[in-house]
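Since every read-out is calculated from the coordinates, none of them should be taken as a lab result. Only a predicted model underlies this, so the values are computations on that prediction, with no experimental measurement involved. Glycine gets a Cβ as well: all are built from the backbone with ideal geometry, and neighbour counts include every protein chain shown.
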Amino acid sequence: MRNIFFLLFIVIPALEIVVLVLSGKAIGIWPTFAFIVATGIIGAFLAKRQGLHTLQRAKDEWMNGRIPSDALLDGICILVGGTLLLTPGFITDTAGFILLLPFAREKMKPWLVRLFKWMFYTKTWIYIRK
């Protein structure tokens, strides 16, 4: 878990700074700034649109007596993708756009299910042992 926090709070922001500086030198400061603002606006629009659609899908599944697990996994991906798009930087923007693509989310869902199962069983084991 410590490695994940190290990656999230030290390595990725440092890489983002390097990429932003290199981009500023290659295409200029204002085009880089405009690109970052544009990806934030586009990302917010896409995340809102897809999020509302996913919320409606989850509601429909719930009303039909089914557990909306697929829609919830989509919602998690859309939330994380939208958040990454609002974070300034090219690396996080790329990851955010990938998470907003429906076919990419389909590839991510089995991994998310395994992650949640691992987290659930690991935490349960820790609490039982104490």
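Of the listed values (1) 11.3; (2) 10.0; (3) 9.4, grab the one calculated as mean projected area of the Cα convex hull in nm² from the structure here.
(2)
At 7 Å along Cα-to-Cβ for each site, give me the label-to-label distance between Ile67 and Phe116 in nm.
So the two model labels end up 0.8 nm from each other.
For the chain, what relative contact order do you get, as a whole percent, if you take Cα pairs closer than 8 Å and at least 6 residues apart?
22 percent
At a Förster distance of 22 Å, what's the computed FRET efficiency of Ile41 paired with Glu106, Cβ-Cβ distance as r, to 0.05?
E between Ile41 and Glu106, to the nearest 0.05, is 0.25.
Compute the distance in nm between two label points, each set 7 Å from the Cα along the Cα-to-Cβ direction, one at Arg49 and one at Phe33.
With each label placed 7 Å out from Cα toward Cβ, I get 2.8 nm.
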